[in-house]
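These notes are about the structure you will find just below.
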Amino acid sequence: MKKPSFFERITGSIRLESQDDGFSDAHLEDDVSDAPSEWHAAEEPEDGELPVDMYQTRDAIVIRALVAGVSPDDLNISITRDMVTLKGVREEVQEAPDEDYYHRELFWGSFSRSIVLPEEIVIDEAEAREKHGLLEIILPKLDKGRSARLNVKSLHSK
């Protein structure tokens, strides 16, 4: 049996080859059930990936994301000096039965996104604000050229 391609593993699909390869519809279900659990990723609900814009100003790195339909209380933003992780949940309010939908393109459920920052930031001065569904995170850049004079204290007792 040929090892599944990367695409087949992430989608959970199995490509049917000619009968010479020993595949048939009768064996398909057996082959899928014997596949390693990571091949079934499409069957398990996963976090959606939140699309973002990231740009820099002279003093800060700015990250923007559309979070319409998500309460600020349902957003979790964690920051380190070189990474930002956004997590949240967009709860679906279904106003019609599934069979009455013509299109379903909006993402509902949990989402997350980890972003490696291009340079270090000052964590304590970071800000996050949301207006009309647009989340904006302002991350002040660490000033590596900044220096301060350090006074030396004498520990000699008198």
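The values are calculated or read from the model by the stated rules, or taken from the named source; none is laboratory data. In this text the structure is predicted, and so the values were computed from the model without any measurement. No Cβ is skipped: glycine too gets one built from the backbone with ideal geometry, and neighbour counts run over all protein chains shown.
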Handout entry: Selection count, the range 64-89, where residues are part of a loop (DSSP other than H, G, I, E, B) and surrounded by 14 or more Cβ atoms within 10 Å (Cβ to Cβ)
Key = 4
Practice task
Output the number of the condition that residue 110 fails; it satisfies all remaining conditions of (1) in a loop (DSSP other than H, G, I, E, B); (2) at pLDDT 85 or above.
Solution key: (1)
Exercise for the section: Please indicate, with yes or no, whether at least one residue in the range 89-111 is among the polar types (S, T, N, Q) and closer than 15 Å to residue 63 by Cβ. Expected result: no
Exercise for the section: For residues that are more than 17 Å from residue 86 (Cβ to Cβ) and touching a residue at least 24 places away in the same chain (Cβ under 8 Å), scanning just the range 119-131, find the one that is surrounded by the fewest Cβ atoms within 10 Å (Cβ to Cβ). Expected result: 119
Exercise for the section: Tell me, yes or no, whether the range 90-103 has at least one residue that is surrounded by 11 or more Cβ atoms within 10 Å (Cβ to Cβ), outside any loop (DSSP other than H, G, I, E, B), in the same structural domain as residue 64 (by TED's automatic domain parsing) and at positive phi. Expected result: no
Exercise for the section: May I ask you to verify whether residue 109 is surrounded by 10 or more Cβ atoms within 10 Å (Cβ to Cβ), in contact with a Gly (Cβ under 8 Å, 6 or more places away or on another chain) and farther than 23 Å from residue 54 by Cα? Expected result: yes
